[in-house]
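Please treat every number below as a calculation from the coordinates, not as lab data. Computed from a predicted model, the values in this text were never measured in an experiment. So basically every Cβ, Gly included, is an ideal-geometry build from the backbone, and we count neighbours across all protein chains shown.
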Amino acid sequence: MIRWRWSRPVDSDRITGALDSFAAAGFGPLGIEIDWGRAKDLSEDIWWSALRELHEGAAKTGATFWLHDADPGDRSGLRRGGAPMPDGHRQCVLRVREQAADLTLPEGDIRRDTLAFLLRRDGPILHESIFVPVGGRRTLAGPGTTVILIDQVTCPDLPRSGDAAYLDLLSPEAVGTWVEDRYEKGAVRIRDQRAWAGLRLNAPTYHLGDLSTVFSAGLPWVSGLAEIVRLRHGIDLLARLPELIYRRQNGRHQEVRWAYRETLATYFVQNFTGRLSRWCDRHGLELGGPIGSDNDLVSQARSIGAAMRHHEVMHEPAVRTRAGEGPLALLQAASVARATGRSARADIGEGCGWATSLAELRRLAESAMVLGVDRPSIGPVPSSLRGRALREKPCPLTPAAPGWRHLHYLADHLARLQALFEEMEPTAEVAILHPIESVWAVASPVDSACATALDADFEAVIHAALAAHVQIDLIDEDQLARIGVVAREEGAALLRIGARDCKLLLIPPVLRLRATTLAMIERFLDLRGKVIVIRPGRSPIATPDADTAALLGDQRITPLTCVEIEEILPKRLVDLPSGLCRVHGARDAGAAPVWLRRGRIGARSVAFVVSRTVERSLDLRIDAEEEMRIWDLSSGARSLLPRDETGFSLRLPPGGSALLVGADDDADVPPSGDLAAQVKADLIALRGAIVREVELPEPNGIDLVGATAIPLTTVRWKLDRAAHGSLPSAVPGEGGPHAERTFSEPCELYEAARAIRLLVERPWARSDEECCVLETRFVMTMPPTEAIALVLENSEAAHLVVNGAPLDQASRCAAKGAKRAEEPGPISASDLGVSRAIELGRWLDPALEAFDLSPLLRIGENTIAVERDLHSPLELEPMILLGELSVEGKGQKVGPRPDVVTLADLRTQGLAHHAGEIVYTWHFEAPIVAGDERAILALAPDGEPPGGVSFEVSLDDEFVGAAPWRNHWVNLGSRLSSAGSRTLRVRVLGHLGNVFEPSSNAPLGLLCSPRLLVSRA
């Protein structure tokens, strides 16, 4: 599914126009997410009337609507001018303050609801703790004696940074009021409009730790929590609060921390996610969307409890997957979906930034599907240039994703892959016990060493199992207790979790296991089930409890290291069904570079492998009982894998994938195992034998469309005074003193923005007159022209000074002097390309604005200072010099664009930051093919791929096809059989990533002359 999120107030005309563009581009099923939070009141007739008008437009593309609940924190009303959220409905924490020991705490010196403890500790080790009532007196002798004060603090409003108080998702009263106010008013309208598919959440958490320093360091809390813990676990939580922060040498703190975190996790699921799921059930909707902080154990323990328990109550478990993230979030959602017989969805590309190529989106989607998240959702999303943050203002569809009009190629490819996986008989091979409850037992806001060690060990176990190319299911202990059984079928012991059967259980390093888990493992062992316990990868900081240690020491359990898993698991410990192929090779330290999914379709063995590395090719060896073919899902081309005495060989290109299927009786000539050199073999299988090759000459013209966008990423910054008021001469806190009007050392722009944001959210930075100043410098080697502009994001509150002269606000302009359009309508299929966006005055996004710098620039060094009002959101990522420019190396030395561009990597021609398109043109005489011959254009005939987001081919100004990824070839058919002069154009959609890192360190443009491969059917 292609997904489109609308984050502005509903405008039926604009959305309908965009739907028309989607239909014209040939997109398939479309999911439209409308931000529910855009309505001040869901009973507003105008809001629902506008949505009703969209349904007719949606029918053109078969679109379905989802209500996207942007943020529970937005209920404070600050962004809409409403009343603040009541204190009783705000998220809150226990704040911990430490002071020197004072054995007397007189009544009146502290708040009545403050808890005081007299401690004796050595660093994070707690030796003794005494509760001190208000007005009481206690004595405690010995070194390391201190007093800690613990009180409840509610989440504040932070209008300076644009953040509002976050709803207390642990409070039944707050959530109940919120559901009644937010959802029930629109329930009748939803039932009347059947196009709505469901409600999508946006990463809710019960502990939004980034709102302020105080809030981040606190302990999540809700009224009545201590009593709930006492009733559930028989623990006096208030009396033992210091053990949530400091650990005891005897390990007794683990039971307190586990009970506290387990109660938070259970309460969050029951009170929030489960409650919304039941609400959706009543109104015929599905609940979906990602859960926040789900890709590592420490974040889960701090913010959501346990991700798998949220997935279990949702109709459609969902995750966000980004480049560079690990497999944990995907495996959690997939494991729950498989056990419960549902499907899981992955939002691909969200937060990846605007520069993500179609090949990268394909790799992310394929990786998710290989691990079992079988419904990838692709679409342009409102992210910033680097993908570091989502924004209120969505990026326009065209320039935000340079290859957006080729998304239907990706949607078609993934639909084929999804249909294939649906036909495959599943083979769950290994179950891994999820250690989140052990992390609960050691998680602390001030001492995370033990929790981090468990997290690292668990990640190593997952990667070792993936590197062994076995298929994985994760098992949550709560799920195991409710739906887990052990059985013995066909002479083998099975661990059955819902609809999934596993023959081998891996236990990563753990500190405590539930009694129900211990009993289940005992029964599995009694039936001769295979159990492996993984030794910790480093010296353990804590030791398991007695019952857990006794089980892990059972002689029937095999102890291994992660390295041994990778070597032994696929050879001796996993009994694969007869005929399934095995894939081995390509190991990397600390990660699994290849992910695999395998099974059977009828009598054939099927395997799909995905390379997780984009830096190098991977050589794989494949063992199978039958001949194996490699298939191209998009074209249907197929060819035999080469075989020698050791098995089959396959080379995956960087970021590549391959579908391997047991061969039929058709005889093909085995090609090379290098996919990059397999174009000819694929073409032979698809179109017949290649009879000759025609190499095109040097192009007749190479045109650069759009501007060069040079990032001014090295800045100095300072907090300063505006017209009135002053700053304190020093700012306390992290980073040491900050002198007034003193610039920082040069740093990267994003780091400057982050440092400023941290400072202005502190209680001591509350002056209304504060502003921040950013200064950047670059060298011009050419006379300035009118085509040079500076692009800023959220520039409404910015004041610019260029070379000491203020820039008049009237100088705001679009590049090349075009008049800025006032909120233009949706960009249609004909308004393609970055150059058109520049003409509209938006370049890449409505949030970006261009300033004409030409009158103030000079040859030599130039200085630009940007002063910003701290009341506006501090999203300072884009600070870009825009024009027909070139840049030398990585420095900020700017010159003119070269007069002649050659057929080579643009990075070698001073154009590494070209952010538009490159058009290559050839003029030649036809005919080239005759009779039953066909021509295919190969853009990478020698296996060296060109660089770009996607590639379009047109013949005589008629679109022929696109080559969005390997192999880069386009079928021209018999179009070159008629005589006459012909014009061939190849349009390379450039990487917007060049704005920051040139082409993500990949080539840009065509690297050699394409060839016409002439075949005869």
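Summary table below
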| item | result |
| --- | --- |
| In sequence order, calculated HN-Hα J values of the stretch 441-455 (Karplus, 6.51, -1.76, 1.60; Hz; x Gly/Pro) | 6, 10, 5, 8, x, 10, 9, 10, 4, 5, 4, 5, 5, 4, 4 |
| Span from the the stretch 513-569 Cα centroid across to the the stretch 428-442 one, whole angstrom | 11 Å |
| Residue order, fewest to most beta carbons within 10 Å, for Met782, Met628 | Met782, Met628 |
| Gyration tensor over alpha-carbon atoms, the stretch 427-575, equivalent ellipsoid semi-axes in Å | 24, 18, 14 |
| Gyration tensor (alpha-carbon) shape descriptor, the stretch 220-322, a/c threshold 1.5 | oblate |
